[in-house]
Amino acid sequence: MGLDTPKSMLGSRNEEPGGELRLGDIPLSQTVELVRIDLPSEGAEPLLERGVLPGCQICPVRSSPTGDPIVSVDGSLLALRRETADCLCVRLLSDAS
Amino acid sequence: MRDLSTKAGDATLTSTQVENESRSPLIALIGPPNSGKTTLFNRLTGLRQKVANYPGVTVEKYVGQVQCDSERNVELVDLPGVHGFSARTLDEQVTRDVLEGQVEDLPAPDAVVLIVDCTRLESQLMLVEPVLKLEIPTLLVLNMWDELEERGGSLNELELADLLGVEVVKTNARVGLGVEGVKEFLSQVEVRESGVPLPEHVLSNVPRGVPLPMIDAFTARRRHLDKVVDRASFVSPGPAESTNALDSVFLHRTWGPLVFLAVVVVVFQSIFTWAVPLMDGVDLLITTSGEWLASRLSDGWFRSLVIDGVWAGVGSVIIFLPQILILFLFLGILEDSGYMARAAVIADRVMYRVGLQGRAFLPLLSGYACAIPAILAARTVEDERDRLATIFITPFMTCSARLPVYALLIAAFIPEGRLLGPFLGYRAAVLLGLYGLGIAAAVVTAFLLKRTLLRAQPGSFVMDLPSYRLPSARSIGLRLLDRSKIFLRRAGSIIFAVTIVLWVLTQFPRTDAGPPPIEDSALGRIGQTIEPAIEPLGFDWRIGVGLVTSLAAREVIVGTLGTIYGVEDATDDSITLQETLRRDLTLPAAIGLLVFFAFALQCMSTVAVMRRETGGWKWPILQFSYMLFLAYSGAFIAVQIF
């Protein structure tokens, strides 16, 4: 499977103004919305099955001893690898909403 | 009530129809991992359950009888916990096959019980839509209802039932609350009409390898669910305070790794220290019962077969039962409490460097007791390449079957002196070195595999961290019972057969005076045939025979050497096995033999399990040859060095 083709990327390709934010850059307790998963489908599937879908809200709740993020999605606690968190494009929730 | 008169009069009934008429309803129990599925299963079936394997794979099949009211029995099958039906893992594949009626000897289920953890309803309900497509009666069990309310959440469950078109029951399976409601549903299930076509492949409608439709399917399913959950007035529970508090210790930057190390040390201590009195007890039981039996049988070939063959052979394996049970007791507590997932998170970084992942921690830890349950436990490793790499290196973990061999050789050849003051003697150092050797081989092998045969595309790593819960003694007790049964069945079949074959090989060709001297027996000849191959390692034909017999199970070599030397030195009982070994084996050869056992895959049961878990002979043959190569060259190098 071609990794570099746009088709293998999941989710909408709308670029956020002001550069892209990755889940790995988000400080603890800051809730964000998932925009896109930059992974081939095989890698994205475990995330999708656990409710990590574009449009869902994610909040990093703590950092593991090895510095990997532990996030809360829909009341589920999920441990991710840094590398996986860096494949998740997110956007801040606007204050208005 | 079905009309029995037509059945009697109708000669054209097919066998499946007859089967349908006579069998009791079969209900499948499914749910995501950590939803309390197995707890509910145990509540419903208790001791009326049996474990087997699904045909062709080693996924365990739990089927239990549920006694409903009015003398009605239904069969309940507990399926592996899954997040979806894409068949990415063996567990998902089995779950899908059972639900679609594709499994031999198991009819398509007549109803489904889907259990979810209602404290995180939205993501857990992702399984609902595909299950509804099966178009069979479905019960949705909202488990952990008490926790939902405690944490300030709420849900109009009747509205949810209406919207989804299923029956709904609120439960707290751990204490048995609401289980009666599940039984009521089960008591109303009827056997599916024969002739109605099975819902073929409805679960696999999410196409694999086609990225965009897949995410669309998931997103569409999720949008629909969000609406449903909203209309059923679901209020998410607040954060789980106790889980949060415990995580701030167990996943703390400093305390987390310390607790992790403490847990590993306690598990090892339990296997190697606390299990010893129990193992001595079992040993005593086997010896005394053997002696009693020997006194009751008249001298002759039959007594020799029963005592020297079966009793000694099977007994040498049963002795490991306490160790395995203690390991599973600890693993059960760690898993059911929710700690194991945290341990996997802590281990993940180190595992990742080697090319594995955190989920491999549990199988590899189990490997220190026995590779077989460890290889089965690796099914939870979601990535297929990671799973293969994990089970490939599992036999390098120093399993308890190596210990009797190590103990014998170390006691015979390594002096008792002190290496590091009062802390570390030579003998302990050698034992530690052998453990280290196994770990080193595992690390190097995993590293090589992941860069050659099992090179992976960049994947993802995500793991659920369930809320901490008090493990239930009932669940763990039932699991230990299963483990004992499985282990004893193995000892009673494979090992039983091997010991009989070995015994026969020592008895033929017969001479006028009875069994031949050991070097003239068929077994001795086999040893002499392979002697040239092992001579460079400093082993003679006796060790050769031991290496051949230990193919069945490593520890068998101890008994075999005992037999060989026992037979040879029948005139002088005072010479112990250790002394005879010292006479026949040089120190370098003994170290070579230790290294050989650290690496070689001397265990046919492991090979058999590997074949089933990998679906062919390719991996077990590769693994066996690779480990034999390492063992031979390792032993050769050791002999040159020392």
Helix-only mean residue ellipticity at 222 nm, chain B, DSSP H runs n ≥ 4 weighted -39,500 (n - 2.57), per residue, nearest 500. What is it?
-17000 deg cm²/dmol
I need the Kirkwood Rh of the range B:329-471: take the reciprocal of the average 1/r across all distinct C-alpha pairs and report it in angstrom.
16.7
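How big is the charge dipole of the range B:298-410 about its Cα centre, in debye rounded to the nearest 20, if each Lys and Arg gets +1 on its Cβ and each Asp and Glu gets -1 on its Cβ?
In debye, rounded to 20, the range B:298-410 gives about 260.
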Within chain B, which is the longest segment containing none of the trypsin sites (Lys or Arg not before Pro) that sit in a DSSP loop and have at most 14 other Cβ atoms within 10 Å?
B:254-454
Among the aspartates and glutamates, which have Cα under 18 Å from the Cα of B:LYS618 when same-chain residues fewer than 8 positions away are ignored?
B:GLU384, B:ASP386
Amide H to amide H, which residues 5 or more places from A:ARG81 or on other chains are under 5 Å from it, using H placed in the peptide plane?
B:PHE461
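Rule-of-thumb check for the protein assembly as shown: C-alpha Rg over 2.2 N^0.38 Å?
Normalised Cα radius of gyration, the protein assembly as shown: 1.07.
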Log entry: pair-distance distribution for the range B:270-376, C-alpha pairs binned every 10 Å from zero, whole % per bin is 13, 31, 24, 17, 10, 5, 0
Note, the range B:348-356: 3J(HN,Hα) by Karplus (6.51, -1.76, 1.60, θ = phi - 60°), whole Hz, Gly/Pro = x, goes 4, 4, 5, 4, 5, 4, 6, x, 10
On average, how much area does the Cα convex hull of chain B cover when viewed from any direction, in nm²?
35.5
Loop-located GluC sites (Glu not before Pro) in the range B:87-153, at most 15 other Cβ atoms within 10 Å (DSSP)
B:GLU104, B:GLU135
Amide H within-cut-off set for B:CYS370, under 5 Å, with H built and near neighbours excluded:
B:SER400
Dipole magnitude of chain B about its Cα centre (Cβ charges: Lys, Arg +1; Asp, Glu -1), debye to nearest 20
1440
Pairs over 30 Å Cα to Cα, from B:LYS50/B:LYS450; B:LYS61/B:LYS227; B:LYS37/B:LYS133, come to B:LYS50/B:LYS450; B:LYS61/B:LYS227
Can you give me the relative contact order of chain B as a percent, contacts being Cα pairs under 8 Å and 6 or more apart?
11
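Read-outs throughout are calculated quantities, based only on the coordinates presented, and are distinct from any laboratory measurement. Predicted model, so just to flag it, every value in this text is computed and none were measured. For neighbour counting, all protein chains shown are included, and Cβ atoms are generated from backbone atoms with ideal geometry for every residue, glycine included.
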